[in-house]
Amino acid sequence: MSSDQHGVGPEIGTGGECQEALDTLYRFLDGELTEDRRSAIQAHLNRCSPCLEAFDFEAELKIVIARRCRDQVPDHLRSRVAQALVEASKTFDGPV
Ligand SMILES: [Zn+2]
């Protein structure tokens, strides 16, 4: 029996990191990630402002939602988040 590495790791590279960061955004904010994972994402945010902004905004939105106790999520907030995510993905998607 050999414990070869199974391809568990995500493909980290240009863009892949952003994709993953945005992918785990909700779990990150919900505290569902392991510490390792969190620090990896955090490290990425430190050098990737599009992702940082997306996370930042979503974090604020979460607070608003929590305060409202699932009352209602303002549509303009939702679309701002969606827009931020789209812009973030544009950043790594297009050729430089
Ligand atoms: Zn990024």
Completion exercise
If the chain between ALA82 and SER39 were fully extended at 0.36 nm per residue, the gain over the current Cα-Cα distance would be 13.0 nm
Problem - Counting all C-alpha pairs of the stretch 16-93, share separated by more than 18 Å (%) - result: 40
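A short reminder: the numbers here are calculations on the coordinates, not readings from a lab. Since this is a predicted model, take the numbers as computed values, not measurements.
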